[in-house]
Amino acid sequence: MAALWVILAIAAVLGLLSSFRVVKQYERGVIYRFGRVSSLPKEPGPRMLVPFVDRMTKVNMQVVTLPVPSQDGITRDNVSVRVDAVLYFRVVDPIRATVDVQNYEFAMLQVAQTSLRSIIGKSELDDLLSGRERLHEGLELMLSTPATGWGVHIDRVEIKDVALPESMKRSMARQAEADRERRARIITADGELQASQKLSEAARTMDANPSALQLRLLQTVVEVAAEKNSTLVMPFPVEMLRFFDRAAARGGTGADDPPADGAKADGAPADGAKAPATDELAAPEPQSAVEAAPGEPPALDRRQTGPLQIPDPRSSEE
């Protein structure tokens, strides 16, 4: 009899131990009593179940990170690509996640793969490469419809990588190179246009002031001669030659003219020449300076010495 009581006591202890459950903070417990689910899930903490009557299933309420395998597809502009994505979701209704679907994680994986193939076929290559925000929103909308019925909430869907064929990569590289070459030529042409405008303004300034051109020439000579490793051939400006011409013409104008042929230095008439009449002698007119044109000898002013005395060619004997 005592042995029977001992056996019963051991069975009671084992039943109590088997009915004791601990629900963690990130879990919820779904109780099945005689196969029927209870209306509310069990909150975190210790829980006692009716031995041999209740059965509890724990559901993880954390955010699940589910990688979506790479999917091959053809975009709307007929480009073959391989795209992989990642899905973030969590369970918001433990009862529906355990009762309405057999394995919600596997179901979400299959729906994500199907939706990813569908979104690839509806998009163009440029959208997959640069316009992913809109694709993420489309994927999330496509996954939310079945996930809501399973008690699952979609937090985020993101495309991780887009793999392109090698031929497409080379074509895109050539396109990018051509585009950059076009922009480089435009920038160069714009720089030449601005430089031509500035040079035109500088030319107008130098035209208004010719000495600026000479200063610019001298500055260029100084810049070239600073290296001291080459022979410098410097052209001589024509303007400077004309300046020297004008200076020489001004200097030769005030000099005295040489005496006429047959006249003595003291003003006496030559031998055999007739003396001029008194009324023919007139006071010499004031000397006028006649400036010659550049490059020509100064003109001789005939009025500065009075009438010239021409000797008589006949001798006194005749």
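The values are calculated or read from the model by the stated rules, or taken from the named source; none is laboratory data. In this text, all values refer to a predicted model and were calculated from it rather than measured experimentally. Positions of Cβ are backbone-derived with ideal geometry, glycine not excepted, and every protein chain shown enters the neighbour counts. When the accessible area is computed, the model is the full protein with side chains, heavy atoms only, and any ligands, DNA or RNA have been set aside. Shrake-Rupley method; radii C 1.70, N 1.55, O 1.52, S 1.80 Å.
General remarks:
- Hull shadow area, averaged, the stretch 1-116 [alpha-carbon convex hull, nm²]: 10.2
- Count Lys and Arg as plus one, Asp and Glu as minus one, and take only other residues whose Cβ is under 13 Å from that of Val91; the net charge is then -1.
- Looking at the stretch 107-204, the accessible area is 65 square angstrom per residue; that uses a 1.4 Å probe and ignores ligands, DNA and RNA.
- Mean silhouette area of the stretch 12-78, derived from the convex hull of its C-alpha atoms and averaged over all directions, reads 8.0 nm².
- Average Cα contact separation per residue, the stretch 67-187, under 8 Å, 6 or more apart, as relative contact order %: 36
- Each listed q (0.12, 0.16, 0.17, 0.27 Å⁻¹) maps to a log10 I(q)/I(0) for the stretch 147-227, found by the Debye formula over equal Cα scatterers with no solvent: -0.72, -0.88, -0.91, -1.17.
- Inter-part distance where the stretch 117-131 and the stretch 25-50 are each reduced to a Cα centre, Å: 44
- Binning the C-alpha pair distances of the stretch 96-161 at 5 Å intervals from 0 yields a P(r) profile of 3, 17, 28, 21, 14, 9, 5, 2, 0 %, listed from the shortest bin outward.
- Expressed as a fraction of 2.2 N^0.38 Å, the value expected for a compact globular protein of N residues, the C-alpha radius of gyration of the stretch 61-110 is 1.53.
- Paramagnetic reach from Glu239 (point 7 Å along Cα→Cβ, amide N under 18 Å) across the stretch 183-223: 199-222
- All other residues whose Cβ lies under 13 angstrom from that of Arg28 are scored, Lys and Arg at +1 and Asp and Glu at -1, for a net of +4.
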